[in-house]
Amino acid sequence: ILITHSKSSVQKKVENNGTFYIDTSPCFNNDGSIDYIVETIASPFKAPVLPLKEDVPNTPATDIFLGDVKMKGILETINRISKFDSTILITGESGTGKSMLANFIHSKSKRCNMPFVTINCAAIPENLIESELFGYVPGAFTGASPKGKKGLVEIADKGTLFLDEVGLLPQNCQAKFLQLIQEKIYTPIGAV
């Protein structure tokens, strides 16, 4: 990417990983020199963002996201915590990159070769949310598939489950997620 003294955008194709849009915006010192550059990487096709680091030889992963000191601190924390299996809460305004950070944590973890499943809790209708998340056994309810159904939680097993807008889940589902987080167990609909 050619860095200029004004905002620039570029589209980059990464083999086997799709197309990425990269915006760079320089931030200047009082003397007019560039202090740091904020780089935003977006993928409209849901391709993984992180393989771009392979294009930057001998560069630590935290250098991929150029930004202020707070962001570098967050990324250093991510590098440390990604080595452990634990539940992580990422908070922030809508559109601040929580999903990107969750994907980054996943890519740095032991689970990086397993599924990364994103669930937008606000987008699933309330009457379907429990069966979508936890699945159901054959014959669990009228109209249920005779084979049953795996839930998104089971699909994410051994990988990473990212719950977007988790605060919008109905209370009964929040209780089941609390059990899942604390005890690492859940019950599909209709199971004894």
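The values are calculated or read from the model by the stated rules, or taken from the named source; none is laboratory data. Predicted model only: the values in this text are computed from it and were never measured. Note: ideal-geometry Cβ built from the backbone for every residue, glycine included; neighbour counts use all protein chains shown. To get the accessible areas, we keep the full protein, side chains included, count just its heavy atoms, and leave off ligands, DNA and RNA. Shrake-Rupley method; radii C 1.70, N 1.55, O 1.52, S 1.80 Å.
Summary of values
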{"read-out": "When residues of segment 167-188 are limited to those that are hydrophobic (A, V, I, L, M, F, W, C) and touching a Cys at 6+ places or on another chain (Cβ under 9 Å), the one surrounded by the most Cβ atoms within 10 Å (Cβ to Cβ)", "value": "LEU169"}
{"read-out": "Tabulated pairs, segment 112-127, first among the charged types (D, E, K, R), second at pLDDT below 90 and in a loop (DSSP other than H, G, I, E, B), C-beta under 6 angstrom, 6+ apart or interchain", "value": "GLU126/PRO170"}
{"read-out": "Test: residue in segment 99-111 that is among the polar types (S, T, N, Q) and at pLDDT below 85", "value": "no"}
{"read-out": "Hits in segment 139-167 (condition: of a type outside the set (Gly, Ala, Ser) and out of contact with any strand residue (DSSP E or B) (no Cβ under 9 Å at 6 or more places or on another chain))", "value": "THR142, PRO146, LYS147, LYS150, GLU154, ASP157, LYS158"}
{"read-out": "The listed residue being of a type in the set (Val, Ile, Thr), open to solvent by less than 50 Å² (accessible area, probe 1.4 Å) and assigned to a helix (DSSP H, G or I), out of ILE78, ILE124, ILE119", "value": "ILE78"}
{"read-out": "Selected residue [in a loop (DSSP other than H, G, I, E, B) and either among the aromatic types (Phe, Trp, Tyr) or within 21 Å of LEU75 (Cβ to Cβ) (or both)] from THR142, THR91", "value": "THR91"}
{"read-out": "Residue that is out of contact with any Phe, Trp or Tyr (no Cβ under 6 Å at 6 or more places or on another chain) and under 28 Å from SER82 (Cβ atoms), where the choices are PRO125, PRO146, PRO115, PRO138", "value": "PRO115"}
{"read-out": "Subset tally (residues that are basic (Lys, Arg) and open to solvent by 90 Å² or more (accessible area, probe 1.4 Å)) for segment 81-103", "value": "1"}
{"read-out": "Restricting segment 136-166 to residues that are without any contact (Cβ under 8 Å) to a residue 60 or more places away in the chain, open to solvent by less than 60 Å² (accessible area, probe 1.4 Å) and of a type outside the set (A, V, I, L, M), the residue that is farthest from ILE88 (Cα to Cα)", "value": "SER145"}
{"read-out": "LEU161 within 20 Å of the chain's Cα centre (by Cα) and in a helix (DSSP H, G or I)", "value": "no"}
